[in-house]
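Worksheet for the structure shown next.
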Amino acid sequence: MPENNECRRPIWMASGSETVQIIDQRKLPQQMRVSNLETVDDVIYAIVELMVRGAPLIGVTGAYGLYIAARNSKTDYPSDAYLTHEANRIKAARPTAINLEWAVDRTLDVVLSKQTAGERIESAKNMADLIGREEAENSRNIGLHGLALIKTISAEKGGGPVNILTHCNAGWLACIEHGTATAPIYAAHEHGIDLHVWVDETRPLNQGSRLTAWELGMKNVPHTVIADNTGGHLMQHQMVDMVIVGSDRSTLTGDVANKIGTYLKALAAHDNNVPFYVALPSSTFDRKIRDGVRDIPIELRDPDELRYIPGFEKTDENLLVPKHSPAANFAFDVTPARLVTGFITERGVCPAEESAIRRLLDEKS
Ligand code: MRU
């Protein structure tokens with residue numbers, strides 16, 4: 001656990017050195033381990049194995065990966081071909097969150113415009129630092145815009161806690177600070193609004209029960225962990241006032257990719273007239289894809305993450321399924337725009353409609 005219950009960032013440069021360090025999120029909250037990223041292979045491993053995870057954070061990690069690539073170049077001058085090759089390797093680490101591709105490409109663009117080795121290394125580091133600072137600021141602003149929504153719901157309810165359901169972990173561990181889905185929750189809690197969070201456990205890797213519950217607990221936000229399939233029941237009994245989730249990639253037409261199970265929560269919310277909000281920075285919008293269900297790549301992970309008790313050795317004792325039963329581990333799903341009440345971005349709140357999204361993001365059609 002962080003010293004004095006204090007949150008730090010999930011990625012940082014070690015003071016007085018050039019080493020990139022991360023919180024290894026795999027054993028949280030039981031074990032707080034810090035790992036060094038020394039090589040591009042370390043960066044790729046950390047992203048693939050979910051030592052770092054969550055769309056904004058893997059974007060920032062990818063940008064630092066390019067800095068590490070430039071620094072570790074075997075030739076005196078990190079060439080265009082070498083850097084582009086390393087950038088492609090990093091981008092391939094996880095397919096669904098657009099932030100990875102976005103941050104690496106943005107960093108690569110700047111780096112390739114520099115002429116000397118020193119400038120290339122320095123500009124990669126500066127860009128990674130900048131993207132990290134921007135994402136922290138984005139999350140802070142998402143919190144402020146989402147706070148207004150929670151205030152309104154609290155006033156309309158006229159008493160009792162605002163019950164918010166969230167899925168997976170879209171907190172500071174997944175971002176840099178504040179989080180996306182959790183940023184409005186933290187802001188509302190700080191403003192003294194009575195609220196309570198239903199935390200989906202988020203099988204198979206339990207990002208909700210391990211990480212979101214831990215984060216909320218550190219800030220004394222009232223919360224309850226629930227099994228993944230509980231949300232529909234709660235909504236039928238008026239025990240959820242709003243849903244807020246994060247996103248790994250959303251289209252300008254309003255479709256939302258997020259952790260597997262999000263779509264079912266959106267369906268239940270729609271059926272029960274519960275507002276369903278998606279909190280995300282503008283770096284999570286994919287400007288190229290229009291039909292999210294058809295075109296957003298969905299990561300298929302190792303079936304053993306589902307077959308064995310997560311975090312334990314792969315022994316017969318720790319099997320959750322018959323030894324020879326196969327499993328399929330789809331990591332994300334897509335919620336169509338028609339089920340999304342609105343987006344909470346750093347620029348404000350808008351409905352999940354193309355014209356409104358474009359206006360908010362200042363994107364031409
Ligand atoms: O597989 P993960 O843990 O990286 O999945 C993370 C999520 O699905 C988050 O909800 C999403 O990245 C939004 S994070 C601000």
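Values for this structure:
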read-out	value
Matching residues in region 180-205 - criterion: being outside any loop (DSSP other than H, G, I, E, B) and among the β-branched types (Val, Ile, Thr)	THR182, ILE185, VAL197, VAL199
Condition broken by THR84, with the remaining ones in (1) in contact with a helix residue (DSSP H, G or I) (Cβ under 9 Å, 6 or more places away or on another chain); (2) open to solvent by 60 Å² or more (accessible area, probe 1.4 Å) satisfied	(2)
Residue selected from region 270-292 under the condition more than 16 Å from the ligand (Cβ to nearest atom), closer than 30 Å to HIS237 by Cα and surrounded by 15 or more Cβ atoms within 10 Å (Cβ to Cβ), by the criterion farthest from the chain's Cα centre (by Cα)	ASN272
Set THR39, THR116, THR96, THR75: member being open to solvent by less than 50 Å² (accessible area, probe 1.4 Å) and among the polar types (S, T, N, Q)	THR96
Close pairs from region 1-26: first closer than 15 Å to LYS125 by Cα and open to solvent by less than 20 Å² (accessible area, probe 1.4 Å), partner in a loop (DSSP other than H, G, I, E, B) and modelled with pLDDT of 95 or more, Cβ under 9 Å, at least 6 apart	ILE11/VAL52; VAL20/GLU38
Hey, ALA257 crowded, with 21+ Cβ neighbours inside 10 Å and within 13 Å of the ligand (Cβ to nearest atom) or not	yes
Residues (in contact with a Ser or Thr (Cβ under 8 Å, 6 or more places away or on another chain) and closer than 26 Å to PRO204 by Cβ) located in region 281-294	THR284, ASP286, GLY292
Pairs where the first residue, in region 308-328, is in contact (Cβ under 8 Å) with a residue 40 or more places away in the chain and the second is open to solvent by 100 Å² or more (accessible area, probe 1.4 Å), C-beta under 9 Å, 6+ apart	GLY311/GLN30
Residue within region 194-206 that is in contact with a strand residue (DSSP E or B) (Cβ under 8 Å, 6 or more places away or on another chain), open to solvent by 10 Å² or more (accessible area, probe 1.4 Å) and in contact (Cβ under 8 Å) with a residue 60 or more places away in the chain present	yes
Every pair of residues 6+ apart whose Cβ atoms lie under 6 Å, when the first sits in region 38-67 and is within 15 Å of ALA92 (Cα to Cα) and within 16 Å of the ligand (Cβ to nearest atom) while the second is among the basic types (Lys, Arg) and open to solvent by 10 Å² or more (accessible area, probe 1.4 Å)	ILE47/ARG94
Residue count, region 180-193 (criterion: within 24 Å of ILE22 (Cβ to Cβ) and either open to solvent by 10 Å² or more (accessible area, probe 1.4 Å) or more than 16 Å from the ligand (Cβ to nearest atom) (or both))	1
From the options ASP228, ASP302, ASP241, residue that is under 26 Å from CYS175 (Cβ atoms) and in contact with a Ser or Thr (Cβ under 8 Å, 6 or more places away or on another chain)	ASP228
Every residue from region 32-89 that is part of a loop (DSSP other than H, G, I, E, B), closer than 18 Å to GLN21 by Cα and acidic (Asp, Glu)	GLU38, GLU49
When residues of region 161-179 are limited to those that are among the hydrophobic types (A, V, I, L, M, F, W, C) and not in a loop (DSSP other than H, G, I, E, B), the one farthest from the ligand (Cβ to nearest atom)	VAL162
Residue that is surrounded by the most Cβ atoms within 10 Å (Cβ to Cβ) [pool: residues in region 121-150 that are away from the ligand (no atom under 16 Å from the Cβ) and within 30 Å of ALA227 (Cβ to Cβ)]	ILE150
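The values are calculated or read from the model by the stated rules, or taken from the named source; none is laboratory data. Because the structure is a prediction, the values reported are computed rather than measured. As a convention, Cβ positions derive from the backbone with ideal geometry for all residues, glycine included, and neighbour counts pool all protein chains shown. Note: areas computed on protein heavy atoms with side chains; ligands, DNA, RNA excluded. Shrake-Rupley method; radii C 1.70, N 1.55, O 1.52, S 1.80 Å.
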